[in-house]
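In what follows, a single structure is set out as structure tokens and then discussed.
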Amino acid sequence: MSLPVILVTGGAGYVGSHTVLELLNNNYTVVVVDNLVNAHKDKGADLPEALRRVERMTGRTVYFHSVDIQNKEELTRIFNHYKIDCVMHFAALKAVGESCQIPLTYYQNNITGSSVLLEVMKNHGVYKLVYSSSATVYGIPQYLPLDEKHPTGQGCTNPYGKSKYFVEEIMKDLCSSDPLWAIISLRYFNPVGAHESGEIGEDPLGIPNNLMPFIAQVASGKLPRLQIFGSDYNTHDGTGVRDYIHISDLSAGHVSSLKCILKPDYTGFMAFNLGTGKGYSVLDVLKSFEKACGKKLPYDLVPRRPGDIDSSYADATLSKKTFNWTATKGIDDMCQDTWLWQQKNPNGFKSQ
Ligand code: NAD
Ligand code: UDP
């Protein structure tokens, strides 16, 4: 019997490409739609570079289509062509700072895009979806570790975070309206690292906003120094604490949740945390990265970044209990694999 066909939106991106790899390694058939707004494809190539490498690594085919999820006609054509069993929905714009400058673009892409996708799914009788959500929906933590019962939507300070929260609300309403729907929302903590081969990884456009890719570029000499945003937080060393999760653990979490949602009797909306449950400070991460690259890295302590919180880390017991997933990799693996990816691909997926 052939395994289910999974439609992956945003599958050429960072989390999507690692999950496509994991899906292919688990023998699923994978169809990807991505509009390449944040993914690199060489001129004349059939596939975005990340997916070309995924095909090479797995020896399997990725059915790729350059489609914007806001385009109902094109999406309908995809659903007419393939018999989709479940959708994994990664496609979104994700830069927090940019979302404050162009909120309408973010709401349109992330919210309208998601509702067009859900509508086309419904029209084709496809009712199973795994959604990429974020721990940002919890806003300022009222307690730690954050479990799925923590209130959401309060204190989401930017349009990106709000768009993740609003889409979850739309999905909850949809599941309440019709028991055929089965939606799993995966709330990621801080995904970092790269596949252990160093073949695929995170390829941010321009100067990275996030800590790990920034440190990697300081280590490679592309950027001069790390700026540590805030050293007076209520944490063990004064710098911000986060729950960093290795991208391979995160992709494995998607496949575990997929096996659960594909069960014929699984219905309704449920949210699950994907995190390790451990918090590391900026200085902890820096120290681990120095170990990985074998040199001291220069940094400055500078004022806090607006909107940042002291600490965030997950209670991930619900994911363990429900689909038997737990993170296996630690901060040293995350730094080593980021460093390998950075060294092998100083220009990311671009050949120059
Ligand atoms: P990414 O930018 O690397 O990947 C997103 C992909 O979606 C890109 O390839 C982009 O081209 C595509 N895309 C965007 N809008 C689209 C549209 N309208 N139609 C078709 N394709 C479109 O981002 P990522 O880090 O891989 O994030 C994937 C998902 O995970 C996003 O939904 C993001 O909000 C969520 N998430 C990411 C993080 C993180 O730190 N990386 C944390 C929490 C949640
Ligand atoms: N951070 C930092 N310098 C940077 C980028 C991030 O000190 O150049 C800190 C940030 O203040 C936070 C942590 O690193 O405490 C993680 O930030 P990131 O942007 O990676 O993820 P976030 O948790 O904000 O989504």
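Where a number appears in this text, it was derived from the coordinates with a stated rule and is not lab data. Keep in mind that what you see is a predicted model, and the values were worked out from it rather than measured. Using ideal geometry, Cβ is built from the backbone for each residue, glycine included, and neighbour counts are taken over all protein chains shown.
Per DSSP H run of at least 4 residues, take -39500 (n - 2.57); add these up for the chain, divide by its residues and hand me the 222 nm value, nearest 500 deg cm²/dmol. Intermediate results must be reported in sequence, preceding the final value.
Numbers: 12 runs with 129 residues, N = 352.
After summing the helix terms and dividing by residue count, I get -11000 deg cm²/dmol.
Please report, to two decimal places, log10 I(q)/I(0) for the chain at q = 0.11, 0.14, 0.15 Å⁻¹ as given by the Debye formula with identical point scatterers on the Cα atoms and no solvent.
-0.71, -1.20, -1.40
Would you please classify the overall shape of the stretch 281-332 from the alpha carbon gyration tensor, given that a ≥ b ≥ c denote the square roots of the eigenvalues, rounded means a/c under 1.5, and beyond that prolate means a/b larger than b/c while oblate covers the rest?
Values: a/c = 5.46, a/b = 1.53, b/c = 3.56.
It is oblate, given that a/c is not under 1.5 and a/b is not larger than b/c.
Compute the long axis of helix 113-123 from its Cα atoms, compare it with the longest principal axis of the Cα atoms of the chain, and write down the angle in degrees, 0 to 90, nearest 10.
20
At 4 °C and 1.567 mPa s, what whole-number value in µm²/s does Stokes-Einstein give for the translational diffusion of the stretch 133-252, with Rh from the Kirkwood sum over Cα pairs? Let's see the in-between values first.
Values: Rh = 17.0 Å.
Using the Kirkwood radius from Cα pairs, D works out to 76 µm²/s.
Give me Rg over Rh for the stretch 21-165, both radii from the alpha carbons and Rh done the Kirkwood way, two decimal places. Provide the component values of the computation, followed by the final result.
Details: Rg = 17.0 Å, Rh = 17.0 Å.
With Rh from the inverse mean 1/r over Cα pairs, Rg/Rh is 1.00.
Would you mind computing, in nm to one decimal, how far apart the modelled labels at ILE207 and GLN343 are, each placed 7 Å from Cα along Cα→Cβ?
The answer from the label model is 2.7 nm.
I'd like the distance between the alpha-carbon centres of the stretch 121-156 and the stretch 301-352, rounded to an integer number of Å.
After rounding, the separation between the Cα centres reads 19 Å.
In debye, nearest 20: dipole of the stretch 206-319 around its Cα centre with unit charges on the Cβ of K, R (+) and D, E (-)?
Details: 12 positive and 11 negative charges, 90 e Å.
The calculated dipole for the stretch 206-319 is roughly 440 debye.
What FRET efficiency comes out for LEU144 versus GLU290 if R0 is 25 angstrom and r is the Cβ-Cβ distance? Round to the nearest 0.05. Don't skip to the answer; put the middle values down first.
Numbers: r = 27 Å, r/R0 = 1.09.
My answer for the efficiency is 0.40.
Measuring from label point to label point, each 7 Å out along Cα→Cβ, what is the THR326 to GLN154 span in nm?
Each label point is offset 7 Å from its Cα along the Cβ direction, giving 3.2 nm.
To test your reading of the geometry: what angle, between 0 and 90 degrees and rounded to tens, separates the Cα axis of helix 247-261 from the longest principal axis of the chain?
The angle comes out near 30 degrees.
Using Cα pairs under 8 angstrom and six or more residues apart, how large is the relative contact order of the chain, in percent? Could the numbers behind the result be given before it?
On the way: 700 pairs, mean separation 64.7, N = 352.
Once divided by the residue count of the chain, the mean separation gives 18 percent.
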